[in-house]
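Visitor: Next up is a structure, given as structure tokens.
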Amino acid sequence: MMVAGREAIALARQAVLLRYDLDEIVPEDVGEGEHVVVLLHGLFASAGVLRPMRAYIERETGMPTASFSYRPGSSVRALAERLAALIDRLPPSVSVHLVGHSMGGLVARYYVQTMPVADRVVQTISLASPFRGTAQARWLPMGIGRDVVVGSETLRFLAETAHASPVPHTSFVAMLDTVVTPPESAVFFHGEAIELPDLGHNALLYEPEVHRLVARRLLAARPPQLAVSATSW
């Protein structure tokens, strides 16, 4: 299927899912020492668009998930503070994995590179996140795209402090991305980069292979005695 068709289908799915999960979701009865995956959506979306990925992660890894929704115009810094508040609601011994789509990936890295309690985070995973900015930001309404403009203060900070945090990172790069341009802008400054040659910015959220790859990385980062074996690959 052509990239335009995949993106159109992905956007249609998002339109249906946008109305869900507008309130903060924090798993209940999380035991001491467990692992929780926090999913962070991108601009002009909601946590609802991540439902298929969240369901797959919970089913195949056994890890509970958390999320929150935000309105366009929220800064990366403000969202990192909301993320900190959400993580504070989890038991102190719980380990956290952060998975962010688009601007959500920036929020994940900003959190681990600024918050003193970020040592609870096992890893960060980004999906088409514009770490080097995107040329498309110039078309966004004033104020909404300020953090993703090439050379923004936020992006400069992430680049300058990338190696100060020991939290490992994996970048998923949609090589047919027309939102984050050029697509290579989605490669973080360290860690593994996984190129997805036939996917665009939104289609990668619903691609089964992406779900499998994300779940594998989540499982690989857990202690072997705690990991739940995935069954579908």
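The values are calculated or read from the model by the stated rules, or taken from the named source; none is laboratory data. Bear in mind that the values here come from a model prediction, so they are computed numbers and not experimental data. Quick reminder, even Gly has a Cβ in these numbers, built from the backbone with ideal geometry, and neighbours come from all protein chains shown. The area values use the complete protein model at the heavy-atom level, side chains included, leaving out ligands, DNA and RNA. Shrake-Rupley method; radii C 1.70, N 1.55, O 1.52, S 1.80 Å.
Visitor: Show the residue pairs meeting these rules: Cβ distance below 6 Å; 6+ apart or different chains; first residue within segment 62-75 and more than 12 Å from VAL30 (Cα to Cα); second residue open to solvent by 20 Å² or more (accessible area, probe 1.4 Å) and acidic (Asp, Glu).
Guide: PHE68/GLU24
Visitor: If you don't mind, another one. Restricting to segment 12-49, name every residue that is of a type in the set (Ser, Thr, Tyr) and either on the phi > 0 side of the Ramachandran plot or open to solvent by 20 Å² or more (accessible area, probe 1.4 Å) (or both).
Guide: Of the residues in segment 12-49, the ones of a type in the set (Ser, Thr, Tyr) are 20, 46.
Passing the criteria: only TYR20.
Visitor: Quick check on GLY151: is it buried (at least 19 other Cβ atoms within 10 Å of the Cβ), outside any strand (DSSP E or B) and among the small types (Gly, Ala, Ser)? Can you show your working first?
Guide: Details: buried (at least 19 other Cβ atoms within 10 Å of the Cβ): no; outside any strand (DSSP E or B): yes; among the small types (Gly, Ala, Ser): yes.
It is false that GLY151 is buried (at least 19 other Cβ atoms within 10 Å of the Cβ), outside any strand (DSSP E or B) and among the small types (Gly, Ala, Ser).
Visitor: Cβ-Cβ under 7 Å, sequence separation 6+ or interchain: first residue in segment 208-233 and under 19 Å from THR124 (Cα atoms), partner modelled with pLDDT of 90 or more and of a type in the set (Phe, Trp, Tyr). Which pairs?
Guide: VAL210/PHE172; HIS211/TYR56; ALA215/TYR56
Visitor: Still on this structure, I have one more. Would you mind stating whether SER93 is hydroxyl-bearing (Ser, Thr, Tyr), more than 26 Å from GLY151 (Cβ to Cβ) and open to solvent by 10 Å² or more (accessible area, probe 1.4 Å)?
Guide: Spelling it out, SER93 is indeed hydroxyl-bearing (Ser, Thr, Tyr), more than 26 Å from GLY151 (Cβ to Cβ) and open to solvent by 10 Å² or more (accessible area, probe 1.4 Å).
Visitor: Do any residues in segment 87-105 that are within 10 Å of HIS35 (Cα to Cα) have Cβ atoms under 6 Å from those of residues that are among the charged types (D, E, K, R), where the two are at least six apart or on different chains, and which pairs are they?
Guide: Listed pairs, sorted by first residue: SER93/GLU32; VAL94/GLU34; VAL96/ARG120.
Visitor: Within segment 109-133, track down each residue that is open to solvent by less than 10 Å² (accessible area, probe 1.4 Å) and closer than 25 Å to LEU196 by Cα.
Guide: Within segment 109-133, ARG109, THR124, ILE125, SER126, LEU127, ALA128, SER129, PRO130, PHE131, GLY133 qualify.
Visitor: Look through segment 61-71, keep the residues that are open to solvent by 10 Å² or more (accessible area, probe 1.4 Å) and out of contact with any Pro (no Cβ under 8 Å at 6 or more places or on another chain), and return whichever of them is farthest from LEU106 (Cα to Cα). If you could, list the steps in order and put the result at the bottom.
Guide: Filtering segment 61-71 down to residues open to solvent by 10 Å² or more (accessible area, probe 1.4 Å) leaves 62, 64, 69-71.
Within this subset, residues satisfying the condition of being out of contact with any Pro (no Cβ under 8 Å at 6 or more places or on another chain) are 62, 69-71.
Values: GLY62: 26, SER69: 15, TYR70: 14, ARG71: 16 Å.
So the residue we want is GLY62.
Visitor: Need the failing condition index for VAL99 against (1) in a strand (DSSP E or B); (2) open to solvent by 10 Å² or more (accessible area, probe 1.4 Å), just the number.
Guide: Looking at each condition in turn, VAL99 falls short on (2).
Visitor: Follow-up. Is there a residue in segment 31-46 that is closer than 29 Å to ALA159 by Cβ, modelled with pLDDT of 95 or more, polar (S, T, N, Q) and more than 15 Å from the chain's Cα centre (by Cα)?
Guide: no
Visitor: Please verify whether segment 71-92 includes one or more residues that are on the phi > 0 side of the Ramachandran plot and under 15 Å from the mean Cα position of the chain (by Cα).
Guide: Of segment 71-92, the ones on the phi > 0 side of the Ramachandran plot are 73.
Those left that are additionally under 15 Å from the mean Cα position of the chain (by Cα): none.
No, that holds for no residue.
Visitor: Another question about this same structure. Suppose we filter segment 171-199 for residues that are surrounded by 19 or more Cβ atoms within 10 Å (Cβ to Cβ) and either without any contact (Cβ under 8 Å) to a residue 12 or more places away in the chain or of a type outside the set (D, E, K, R) (or both); how many remain? Don't jump to the end; show me each part of the working.
Guide: Going residue by residue through segment 171-199, those that are surrounded by 19 or more Cβ atoms within 10 Å (Cβ to Cβ) are 171-174, 177, 179-180, 183, 185-188, 196, 199.
Checking the rest, the ones that are also either without any contact (Cβ under 8 Å) to a residue 12 or more places away in the chain or of a type outside the set (D, E, K, R) (or both) come to 171-174, 179-180, 183, 185-188, 196, 199.
So the answer is 13.
Visitor: Being farther than 25 Å from LEU213 by Cβ and hydroxyl-bearing (Ser, Thr, Tyr) is the filter here, so list the residues in segment 77-128 that pass it.
Guide: SER93, THR114
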